[in-house]
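Student: Handing you a structure now.
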């Protein structure tokens, strides 16, 4: 038999039993669709983490207040970071490019007849470039504004909407923070949530000197973000920060630090590895559906061989060789799997898009995942179709013709 004729016979057998063919391919459809959707979920989560790393930058460190230790036991009272610590770091830590103190607290904010509770962040003008922000309307306050304790405010992108106002039109108007009027000088461009616990678009920036003396009444800072001049000098920068702060806090040699230095890019990189493992796990679980679908195809193909025993005998009597019969049944199994794989890709991609639109989950359908699903479905077709095909090819033509 010619190869083209073999394919025509295989396709004819599939068309002759349309309902059974569809039900047989259903396991592959579900398996491929599940693989595409699950891998899209994992890849989306991984890309979200990569975007967070890019948004944070690869050369940032954050210093937090810790707990003072006595004989290895943490005291009940937390220590504090102050503006003097930030000034000492800017002056003495040579590996640092920028030092940004932050005083972050939730405050009641009024604008017209609107009243909201939002994070107010007392910080410096370097906060915008260090954290990869851009100012969409107006400007950022300057270092001189901070030294003069100006009552200037720069709003996160979503704050105007929360106040029922247009961002561009708010420039030059007044907003009231804790009952104190502030002039709005800028609106930040949308950045998007960088984590589950903080939305950078829902905050108000004011000069940290103004925050200390006019709003919070304290020189304590919530954290100090530092930008390292050379990303390859992160270890040197951490050593310099530790030395400066231990000196400022009067910590004796051998005593534990009363502050913490965190490199969030390392944390996010670890989380990225976790999501990658999670992606493989989801894909593996979904691949089980493909195996189940393959077993279903093998079962139906064995039934088909039994039903078509006389047909196989006739073909052999007319000169069909073993390899021709084997190839015919392999083609049938392969077509069923590829057909199911194509439908599964469409359904899996649609499912990933629906999850992204309706549930706001991060999904990413990669060409590699689609290619993997197609190849895997083809392998399943060949693997599980091989035994029925060999069984059909080994039938004795005389016994096959006698089969009732």
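Student: Helix-derived [θ] at 222 nm for the chain: sum -39500 (n - 2.57) over DSSP H runs of at least 4, divide by residue count, nearest 500?
Tutor: On the way: 12 runs with 214 residues, N = 404.
Calculated at 222 nm, the ellipticity per residue is -18000 deg cm²/dmol.
Student: Let me ask another. Counting only C-alpha contacts under 8 Å and six or more residues apart, can you give the relative contact order of the chain as a whole percent?
Tutor: Numbers: 724 pairs, mean separation 122.3, N = 404.
Computed over the chain, the figure is 30 percent.
Student: May I pose another question? Please report the antiparallel percentage of DSSP beta bridges with both residues in the chain, rounded to the nearest 5. Can you show the working numbers first?
Tutor: Numbers: 40 of 49 bridges.
So the antiparallel bridges amount to about 80 percent of the total.
Student: OK, next. Rank these for me by crowding, 233, 304, going from fewest to most other beta carbons within 10 Å.
Tutor: Working: 233 16, 304 21.
Going from least to most buried by this count: 233, 304.
Student: Run through every distinct alpha carbon pair of the stretch 219-259 and return the Kirkwood hydrodynamic radius in angstroms, one decimal place. Kindly include the intermediate steps, with their values, before the conclusion.
Tutor: On the way: mean 1/r = 0.0858 Å⁻¹.
The answer is 11.7 Å.
Student: Another question, then. In degrees between 0 and 90, to the nearest 10, how far off the longest principal axis of the chain does helix 3-16 point, with axes built from Cα atoms?
Tutor: Taking the Cα atoms of the chain, the angle to 3-16 is about 80 degrees.
Student: With just the Cα atoms of the stretch 80-248, tell me how far they stretch along each of the three principal axes, in Å, largest first.
Tutor: Dimensions of the stretch 80-248 along the principal axes of its Cα atoms: 50, 31, 29 Å.
Student: Sorted by mean Cβ packing within 10 Å, highest first, what order do the peptides 111-117, 341-347 take? Working shown, then result.
Tutor: On the way: 111-117: 12.3, 341-347: 21.1.
Those peptides, ordered most packed to least, come out 341-347, 111-117.
Student: A further question follows. By average Cβ neighbour count within 10 Å, what is the ranking of 20-28, 151-159 from highest down?
Tutor: 151-159, 20-28
Student: Moving on to the next point. Helix 322-358 against the longest principal axis of the chain: what's the angle in degrees, Cα atoms only, rounded to the nearest 10?
Tutor: Taking the Cα atoms of the chain, the angle to 322-358 is about 30 degrees.
Student: Just to confirm the number: angle between the C-alpha axis of helix 367-393 and the first principal axis of the chain, 0 to 90 degrees, nearest 10?
Tutor: 20 degrees
Each reported figure results from applying straightforward, stated rules to the coordinates on display, with no laboratory input. Quick caveat, the model's predicted, so the values are computed rather than measured. As a convention, Cβ positions derive from the backbone with ideal geometry for all residues, glycine included, and neighbour counts pool all protein chains shown.
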